[in-house]
Amino acid sequence: MTFLGADPEGRARLVFGMLLLSLGALVARAGYIQLVRGDEYADRARRTHFKELSIQAPRGRLLDRHGRPFAASYHALSLAADPREVQDPASFATHVAFLLGEPAAAPRLAADIAAKKDQGKRFVYLAKRVDRQTAQRAHATGLQGLFVREEPRREHPHGRAAAALLGMVGADEHGRITGLSGLERRFEATLGGRDGSCSVLMSGRRESLHLFPECERPPRPGADVRTTLDLVIQQITEEAMDRLVEAHAPKSACAIVIDPRTGEVLAMAGRPGLDPAAFPDVSADQLRVPAVQSSYEPGSTIKPLIVARALTRGAVKRGQLIDCGPGHMRFGGRTLHDVKANGTLALEDVLVKSSNIGMAQIGQAVGMDDMCAYLHELGFGRRTGIELEGEQEGKVTPRAKWHPNYTLVSVSMGHEVAVTPLQLVSAYAALLNGGRVVRPTLVRRASAPAGRQLDLSPEALAFVRRALERVVNDPEGTGRRARLDDVLVGGKTGTSEKYDGSGRYVSSFVGFAPVEDPRLLVLVVADEPRVRDGLRPDGGVVAAPIVGEILRRSLPLIQTPALPESGVRHVFNNQTRQGKVRVAAVHRSSVW
């Protein structure tokens, strides 16, 4: 009583002062919490009562040049977990394994969850593409950390067609579907769009209370990418490559079909092929695009390019005769051989008979400086810039290391230079379009760049084109197996031994049609094909028939600018230089 004083009024003032002081402290504390640490506590409360969900944007499609889908997305259900919310991975995995009807999978699931938990990850797949009944049972279990994810799944409606070129998609560490290879990876920013997000109110048991929350940031769908590929020509090329593999079982092979006027790639196929349904259980070789990710010595296919330059420079004349001897000739310390003794050949016949001895003399007439510069002008030794990752540069020997009887002679025959198949077919496009080096492309654009003009005269280009026509249409031409009945085809064979005496070859053939106005340019390359019927595995035996098949089936398809929805192409009559008429026909594609 003495402490509080005897005066009741004094005691009241003291109690009031203490209450006022306490109230001030509470107000100060509330102000501190609200003003100083308000955002921190609000965020903590939000994380306690709400769960933020990411909504992946619908992925754009990869289309062919006519708008038909090569790769598209559909919605699928998957089971996933947040490892940080799983208290007992072993027990959790057992529940999920029995839910999926796969009890034996429990140890694997537990190990995956524990590993991600140790890494601090917030996402791990448990099962992909589950049916709706399984997803509903999973939701009903109420297991903490288990959730059902509805996400876009990538579908290739035409199976293996251009699969490696288009590329694969997969989930990253956050569960977002992203491009892993090919065009899917190259155009991820366009195809992937922008993900959205929304918050879900959770109960104390971490159950969702709002099933259809309003999105705070709606997803922005990805845009479509229209490629230059033609779906039907791509399938024709794939089928032709299957026949090549069946007949000659090469270690690897590829085929490219382009429009030489624009550089647009109409088809590109490789072997071993990729089955999208088997991904990710595929080898690295199946994911490669050999047309841009491998290089080889082009062999005799380089010879027309060199003859065109020699004629333009005046190093040789159109009526010139070249002594090729009895099938062998010395050049410095080396001896060159032809397949057979040719004696004296006209310049055109050097190409038709593919004489190494004749080409060596032509190359020496061009000279080392001009030859080396010309190879670089053609685009050899550097990437074409096509819209694919992992493109190789090829190789051109530095000028300082050239020798007139070795490097120069070898290059004239297609050796001591490495090119990608795409580089070679791009160089050939310049022979057919008036000397313009066009950049090959896989994506449709409003207008194609004009291209860089080479120093190749119209007379030289016309001369080479006539010679390449004879390679295919002469009875003894090395490319006669690519001949067609109703249209003139031109082309050049190539066969290069990988190492002297190895007996392992790269066989190739590049062909184009119609000769008068080339619309399609096709290259087929086979690495280490097997001998068949006792014949050498040269380009005329291995690759020329495949090019002929692709041209025969594809040329009618470019007569119409587009396809109707029924998938029927109408092919119009066409008068060829030989006076033959292609009969009007209707081709129904098997892809619809």
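The values are calculated or read from the model by the stated rules, or taken from the named source; none is laboratory data. Please read all numbers here as calculations on a predicted model, not as lab measurements. Reconstructed Cβ throughout: ideal geometry from the backbone, glycine too, with neighbour counts over all protein chains shown. These area figures cover heavy atoms from the full protein model, side chains too; ligands, DNA and RNA do not enter into them. Shrake-Rupley method; radii C 1.70, N 1.55, O 1.52, S 1.80 Å.
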Item checked: Count of the stretch 251-270 residues which are open to solvent by 20 Å² or more (accessible area, probe 1.4 Å) and either without any contact (Cβ under 8 Å) to a residue 60 or more places away in the chain or not in a strand (DSSP E or B) (or both) -> 3
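Filter the stretch 441-453 for residues that are assigned to a loop (DSSP other than H, G, I, E, B) and free of Cβ contacts under 8 Å to residues at least 24 places away in the same chain and give the result.
Across the stretch 441-453, the qualifying residues are Arg445, Ala446, Ser447, Pro449, Ala450.
Kindly establish whether Leu456 is in a loop (DSSP other than H, G, I, E, B) and either under 20 Å from Asp369 (Cβ atoms) or in contact with a strand residue (DSSP E or B) (Cβ under 8 Å, 6 or more places away or on another chain) (or both). If you could, list the steps in order and put the result at the bottom.
Details: in a loop (DSSP other than H, G, I, E, B): yes; either under 20 Å from Asp369 (Cβ atoms) or in contact with a strand residue (DSSP E or B) (Cβ under 8 Å, 6 or more places away or on another chain) (or both): yes.
It is true that Leu456 is in a loop (DSSP other than H, G, I, E, B) and either under 20 Å from Asp369 (Cβ atoms) or in contact with a strand residue (DSSP E or B) (Cβ under 8 Å, 6 or more places away or on another chain) (or both).
Looking at Gly390, is it part of a loop (DSSP other than H, G, I, E, B), touching a strand residue (DSSP E or B) at 6+ places or on another chain (Cβ under 9 Å) and modelled with pLDDT under 95? Walk me through it before giving the result.
Working: part of a loop (DSSP other than H, G, I, E, B): yes; touching a strand residue (DSSP E or B) at 6+ places or on another chain (Cβ under 9 Å): no; modelled with pLDDT under 95: yes.
Answer is no for this residue.
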Note to self: Here's a check for you: in the stretch 465-475, which residue that is in contact (Cβ under 8 Å) with a residue 40 or more places away in the chain and not aliphatic (A, V, I, L, M) is nearest to Val411 (Cα to Cα)?
What the structure shows: Arg465
Notebook entry, point to check: Looking at the stretch 405-425, is at least one residue in contact (Cβ under 8 Å) with a residue 40 or more places away in the chain, of a type in the set (Gly, Ala, Ser), part of a helix (DSSP H, G or I) and crowded, with 20+ Cβ neighbours inside 10 Å?
Noted result: yes
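Which of the following residues is open to solvent by less than 50 Å² (accessible area, probe 1.4 Å), without any contact (Cβ under 8 Å) to a residue 60 or more places away in the chain and touching a Phe, Trp or Tyr at 6+ places or on another chain (Cβ under 6 Å): Gly511, Gly490?
Values: Gly511 fails: touching a Phe, Trp or Tyr at 6+ places or on another chain (Cβ under 6 Å).
When all the criteria are applied, what remains is Gly490.
I'm trying to understand the selection: among the residues of the stretch 334-386, which are in a loop (DSSP other than H, G, I, E, B) and buried (at least 19 other Cβ atoms within 10 Å of the Cβ)? Talk me through it step by step, then tell me what you get.
Within the stretch 334-386, the first condition is being in a loop (DSSP other than H, G, I, E, B), and the residues that meet it are 338-343, 353-355, 367, 378-386.
If the condition is that a residue be in a loop (DSSP other than H, G, I, E, B) and buried (at least 19 other Cβ atoms within 10 Å of the Cβ), then Asp338, Asn342, Lys353, Ser354, Ser355, Leu378, Gly379, Phe380, Thr384, Ile386 are the ones that fit.
Return yes or no: is Leu274 more than 30 Å from Thr407 (Cα to Cα), in contact (Cβ under 8 Å) with a residue 12 or more places away in the chain, among the aliphatic types (A, V, I, L, M) and touching a Phe, Trp or Tyr at 6+ places or on another chain (Cβ under 9 Å)? I'd like the intermediate steps shown before the answer.
Details: more than 30 Å from Thr407 (Cα to Cα): yes; in contact (Cβ under 8 Å) with a residue 12 or more places away in the chain: yes; among the aliphatic types (A, V, I, L, M): yes; touching a Phe, Trp or Tyr at 6+ places or on another chain (Cβ under 9 Å): no.
Against the criterion (more than 30 Å from Thr407 (Cα to Cα), in contact (Cβ under 8 Å) with a residue 12 or more places away in the chain, among the aliphatic types (A, V, I, L, M) and touching a Phe, Trp or Tyr at 6+ places or on another chain (Cβ under 9 Å)), Leu274 does not qualify.
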Item checked: Subset tally (residues that are assigned to a strand (DSSP E or B) and open to solvent by 30 Å² or more (accessible area, probe 1.4 Å)) for the stretch 152-177 -> 4
Notebook entry, point to check: Does the stretch 532-556 hold any residues that are free of Cβ contacts under 8 Å to residues at least 24 places away in the same chain and of a type outside the set (D, E, K, R), and which are they?
Noted result: Gly534, Leu535
Notebook entry, point to check: From the list Leu484, Leu521, which residue is farther than 19 Å from Ser354 by Cβ, open to solvent by less than 30 Å² (accessible area, probe 1.4 Å) and out of contact with any Pro (no Cβ under 8 Å at 6 or more places or on another chain)?
Noted result: Leu484
Item checked: Options Val464, Val443; residue that is open to solvent by less than 10 Å² (accessible area, probe 1.4 Å) and either at pLDDT 95 or above or of a type outside the set (S, T, N, Q) (or both) -> Val464
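Against the definition (open to solvent by 50 Å² or more (accessible area, probe 1.4 Å), closer than 17 Å to Ala249 by Cβ and out of contact with any His (no Cβ under 9 Å at 6 or more places or on another chain)), how does Arg536 come out, yes or no?
Yes.
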Check: Can you name every residue in the stretch 528-545 that is more than 19 Å from Pro260 (Cα to Cα) and assigned to a helix (DSSP H, G or I)?
Finding: Gly539, Gly540, Val541, Val542, Pro545
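If you go through the stretch 298-326 one residue at a time, how many are touching a residue at least 40 places away in the same chain (Cβ under 8 Å), open to solvent by 20 Å² or more (accessible area, probe 1.4 Å) and not small (Gly, Ala, Ser)?
The initial filter retains those residues of the stretch 298-326 that are touching a residue at least 40 places away in the same chain (Cβ under 8 Å), namely 298-313, 315-316, 318, 322.
If we keep only those that are open to solvent by 20 Å² or more (accessible area, probe 1.4 Å) as well, we get 311-313, 315, 318.
Keeping just the survivors that are not small (Gly, Ala, Ser) gives 311-313, 318.
So the answer is 4.
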Notebook entry, point to check: Val36 passes all but one of (1) at pLDDT 75 or above; (2) surrounded by 13 or more Cβ atoms within 10 Å (Cβ to Cβ); which number fails?
Noted result: (2)
Item checked: Selected residue (only one of Gly511, Gly503, Gly534 is closer than 19 Å to Ala308 by Cβ and not hydrophobic (A, V, I, L, M, F, W, C)) -> Gly511
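Look at Arg185 and say whether it is under 14 Å from Ala71 (Cα atoms), part of a helix (DSSP H, G or I) and open to solvent by 20 Å² or more (accessible area, probe 1.4 Å). Write out each step before concluding.
Values: under 14 Å from Ala71 (Cα atoms): yes; part of a helix (DSSP H, G or I): yes; open to solvent by 20 Å² or more (accessible area, probe 1.4 Å): yes.
So Arg185 fits the description; yes.
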Next item on the list: Give the residue, chosen from Ser283, Ser295, that is open to solvent by 10 Å² or more (accessible area, probe 1.4 Å) and either within 15 Å of Gly394 (Cβ to Cβ) or touching a strand residue (DSSP E or B) at 6+ places or on another chain (Cβ under 7 Å) (or both).
Entry: Ser295
Next item on the list: State all residues of the stretch 497-527 that are out of contact with any Ser or Thr (no Cβ under 8 Å at 6 or more places or on another chain) and either farther than 21 Å from Ile258 by Cα or of a type in the set (Lys, Arg) (or both); if no residue qualifies, say none.
Entry: Glu497, Lys498, Tyr499, Asp500, Gly501, Ser502, Gly503, Arg504, Arg519
